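Just so it is clear, none of the values below were taken in a lab; they were calculated from the coordinates. In this text the structure is predicted, and so the values were computed from the model without any measurement.
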């Protein structure tokens with residue numbers, strides 16, 4: 001079983017072939033193939049490769065969906081001053097299917 005740790009969007013994800021992950025928005029159309037090249041760790045059965053800082057391997061993935069997450073409500077409130085402010089935020093994300101490590 002191949003397992004890898006990949007960095008994208010400032011976060012690290014542990015992935016294996018066939019996984020579906022949600023990452024920060026990556027430019028591209030739905031159904032298109034992309035390559036993730038920022039691989040920090042690769043495990044292949046007994047063999048472990050650690051990048052210093054990253055490996056020269058690539059992971060191929062398919063973009064399944066470009067969407068936005070659920071709304072997060074943010075409330076600002078100051079007591080005794082009749083001040084309150086409510087606003088929302090929806091973060092963009094990309095759903096990827098890992099094809100090959």
Only Cα pairs within less than 10 Å get springs; with that Gaussian network setup on the chain, which residue of 74, 15, 43 has the largest fluctuation? 74
Cα-based Rg (one decimal) and Dmax (whole number) for the chain, in Å? 18.6, 63
Of the residues 80, 20, 58, which exhibits the maximal mean-square fluctuation in a Gaussian network model of the chain defined by a 10 Å Cα contact cut-off? 80
